[in-house]
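Below is one structure; the comments refer to it alone.
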Amino acid sequence: MASNQDNTLAVPSSEGKYVTVFNDPVNFNAKHPLHNSWTLWFDNPGKKSNANNWEQSLKELITFDTVEDFWGVYNNIMKTCDLSISSNYHLFKQGIKPMWEDAANKHGGKWSIQLPRNKTMSEIDNIWLDTMLSCIGEAYEQEQEVCGVVVSVRKAFFRIALWTRSSDNQALAMSIGRVLKRSANIDGVLEFQPHSDSKSAGKPWTV
């Protein structure tokens, strides 16, 4: 396995040249590695969900670690706005399960926003796409704090959330929230709340 000048892991073509998807989308032989591997999960436990049947409905779909493989996945799965009610996509770093009980998540929290269904479907899909890109593209200075992102389809709204590893550093959390809002072009208020306080009346941080 060789590495070209832009730090891309690649296999040379028969002419000794590296061809990326940006040069030739059909015959490329070089891929752009991501800093982390990411796993896409899906679930739809239905209206009568509980802790037991939710975990049973959670399906691990695929893990990828290059830019090209991300687009291959994204372009071949159902778009968020076409999913049925109660569905959720979860995109998390490999080795982290999309549940509060996971060791990487249990002391963390999440930035989230609810997007009403009166927004255009393309706008919802674009915000979700930009949220994923901000994570796999390491838009965050403290990228090790980012565990994953979730989009949830509900009857009256879509919810997008970014999960963090910790929840006790307001300055750090606010920094992540501001980057998320800017990177995903979110027009609205993002709220942060620790997972442990998700069912309490604690006042969330906002950006």
Subject >> Distance histogram in 5 Å bins (all Cα pairs of segment 54-197, percent per bin) >> reply: 2, 9, 20, 23, 22, 16, 7, 1
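For segment 32-206, what's the relative contact order in percent, using C-alpha pairs closer than 8 Å and at least 6 residues apart? Intermediate results must be reported in sequence, preceding the final value.
On the way: 307 pairs, mean separation 42.3, N = 175.
Result for segment 32-206 is 24 percent.
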**OP:** Please compute the net charge surrounding ASP125, taking Lys and Arg as +1 and Asp and Glu as -1 over other residues with Cβ under 11 Å from its Cβ.
**Re:** -1
Original post:
Taking LYS97 as the anchor, which aspartates and glutamates have their alpha carbon closer than 20 Å to its alpha carbon, excluding any fewer than eight residues away along the same chain?
Top reply: ASP43, GLU55, GLU60, ASP65, GLU138, GLU143, GLU145, ASP197
Subject >> Cβ crowding within 10 Å averaged over residues, with 140-150, 165-175 ranked highest first >> reply: 140-150, 165-175
**OP:** Among the listed pairs LYS106/LYS181; LYS110/LYS155; LYS31/LYS119; LYS59/LYS110; LYS79/LYS203, give every one whose C-alpha distance is greater than 30 Å.
**Re:** LYS31/LYS119; LYS79/LYS203
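No value in this document is a laboratory result; all are computed from the given coordinates. Keep in mind that this is a model prediction, so the values were computed, not measured. Quick reminder, even Gly has a Cβ in these numbers, built from the backbone with ideal geometry, and neighbours come from all protein chains shown.
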